[in-house]
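Each remark here refers to the structure printed beneath this line.
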């Protein structure tokens, strides 16, 4: 089976982490830049009413915190700006990971400037993982 690396920004970062919990054997590395996710269905609804159709859907697909133990298969890197609106959720995820050092907090917020600043380290991370496979 071919194995891949994945990089996602914002909702793409959330999707990359979600994919790693569902099919970890497919990925050698997953990098998430400012992953957009919420700590509860109510929090998601208060920010974006259309993010999830129901609390059941959020529990099935949106609750990344309850999936933290599944983020063990591929190498993981998570970058987030300290001023990002998702920083508190990323910190909560960090506290549940077996290796909290995979989370990198730096100056910045949820914007192109932060994503561009984080990209070189993320691409090196992915390249190193692909070379080591």
- Query: If we scan the range 109-119, do we find a residue that is touching a helix residue (DSSP H, G or I) at 6+ places or on another chain (Cβ under 6 Å), closer than 19 Å to residue 11 by Cβ and buried (at least 16 other Cβ atoms within 10 Å of the Cβ)?
  - Reply: no
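To keep it simple, each residue is scored yes or no on (1) at positive phi; (2) surrounded by 15 or more Cβ atoms within 10 Å (Cβ to Cβ); (3) modelled with pLDDT under 90.
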site: 19; (1), (2), (3): no, yes, no
site: 50; (1), (2), (3): no, no, yes
site: 73; (1), (2), (3): no, yes, yes
site: 83; (1), (2), (3): no, no, no
- Message: What are the pairs with Cβ atoms under 8 angstrom where one residue, in the range 94-111, is at positive phi and free of Cβ contacts under 8 Å to residues at least 12 places away in the same chain and the other, located anywhere, is surrounded by 15 or more Cβ atoms within 10 Å (Cβ to Cβ) and in a strand (DSSP E or B)? Sequence gap at least six, or different chains.
- Response: none
- Task: Report those strands (runs of 3 or more DSSP E) wholly inside the range 1-83 carrying at least 2 residues which are touching a residue at least 60 places away in the same chain (Cβ under 8 Å).
- Result: 4-9, 27-33
- Note on the structure: Selection from the range 102-133 of residues within 21 Å of residue 38 (Cα to Cα) and in a helix (DSSP H, G or I) yields 102, 112, 114, 115
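The values are calculated or read from the model by the stated rules, or taken from the named source; none is laboratory data. All values reported here derive from a predicted model rather than from experimental measurement. As a convention, Cβ positions derive from the backbone with ideal geometry for all residues, glycine included, and neighbour counts pool all protein chains shown.
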